[in-house]
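**Student:** Before we start, here is the structure in question, set down as structure tokens.
The values are calculated or read from the model by the stated rules, or taken from the named source; none is laboratory data. Here the structure is a predicted model, which means the values were calculated and not measured. Because the Cβ atoms are built from the backbone with ideal geometry, glycine has one as well, and the counts that use them run over all protein chains shown. Just so you know, the surface numbers come from the protein's heavy atoms only, side chains and all, with ligands and any DNA or RNA stripped out. Shrake-Rupley method; radii C 1.70, N 1.55, O 1.52, S 1.80 Å.
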Amino acid sequence: MAKLTILEFPDPRLRTRAAPVAAVDGAIRKLIDDMLETMYAAPGVGLAATQVNVHQRVLVVDVTQEQDRPLAFVNPEIIEREGKTDAEEGCLSVPGIFDKLSTRSSRIVVRALGRDGKPFEMEADGLLAVCIQHEMDHLEGKLFVDYLSELKRTRIRKKLEKERRERAGGAAPQR
């Protein structure tokens with residue numbers, strides 16, 4: 001397995017809409033394994049292929065404390081939604097930023113192909129439902145910050161760009 005590089009906002013590649021997967025083969029299973037390793041190492045509870053610059057409809061999640069129940073969804077689609085939640089969200093592509101969103105359904109039913117290529121349906125609620133919806137947004141080229149005001153997005157973009165410059169050793173001199 002290989003740890004993959006996670007793209008960070010405002011990288012334009014995060015805006016790419018992912019293409020459907022034609023068949024779950026060895027390459028897709030390796031991608032799933034690499035994504036899980038990357039997600040756990042980050043650490044995070046979900047990761048979409050778009051975030052690692054692979055523009056195919058694949059996402060992984062594991063919302064357990066023990067990180068022992070990995071789930072993989074290939075070509076996921078939400079077929080049922082119910083209720084609303086205002087859960088706080090964060091994102092591996094928007095490191096260190098958290099905000100409450102009131103746009104997520106509290107319960108969903110998702111249909112997808114599993115790591116084995118077989119179709120399945122799954123009901124999810126709470127954190128798992130929020131996580132799946134969040135990752136599915138990535139497959140559409142959408143980030144959770146898109147639900148925030150333009151002012152908040154601008155502040156987040158500037159903060160992350162400053163942190164990247166500082167990490168690279170290119171901090172601007174203070175005046």
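**Student:** Find, among the GluC sites (Glu not before Pro) in region 24-104, those assigned to loop by DSSP (not H, G, I, E, B) with at most 16 other beta-carbon atoms within 10 angstrom.
**Tutor:** Glu66
**Student:** Want the number for Glu121 to Ser106: 0.36 nm per residue separation, take away the alpha-carbon distance, what's left?
**Tutor:** Gain on stretching Glu121 to Ser106: 3.7 nm.
**Student:** So for the chain, if I pair up every lysine 8 or more residues apart or on another chain, how many of those pairs have alpha-carbons under 24 Å apart?
**Tutor:** 16
**Student:** Which value does Rg/Rh take for the chain over its C-alpha atoms, Rh per Kirkwood?
**Tutor:** Computed over Cα atoms, the ratio is 0.98.
**Student:** Accessible area of the chain with a 1.4 Å probe: how many percent of it is carbon plus sulfur?
**Tutor:** On the chain, the fraction of accessible area on carbon and sulfur atoms equals 50 percent.
**Student:** Then there's this: For region 45-150, state which trypsin sites (Lys or Arg not before Pro) are in a DSSP loop and have at most 16 other beta carbons lying within 10 Å of their beta carbon.
**Tutor:** Listed in order of number, the matching sites are Lys84, Lys142.
**Student:** Remind me, relative contact order of region 98-175 in percent, using alpha carbon pairs under 8 angstrom and six or more residues apart?
**Tutor:** For region 98-175, the relative contact order is 19 percent.
**Student:** Give, as a single signed number, the net charge of other residues whose beta carbon lies under 12 Å from the beta carbon of Pro10, with Lys and Arg counted +1 and Asp and Glu -1.
**Tutor:** +3
**Student:** I want to check the label-to-label distance for Arg167 and Asp25. Put each point 7 Å from Cα in the C-beta direction and report it in nm to one decimal.
**Tutor:** Distance between label points: 3.4 nm.
**Student:** How much solvent-accessible surface does Val54 expose, in Å² to the nearest 10, with a 1.4 Å probe and all protein chains in place?
**Tutor:** Answer for Val54: close to 40 Å² accessible.
**Student:** While we're here: Over region 25-117, with the other protein chains present, what is the accessible area per residue in square angstrom, probe 1.4 angstrom?
**Tutor:** 44 Å²
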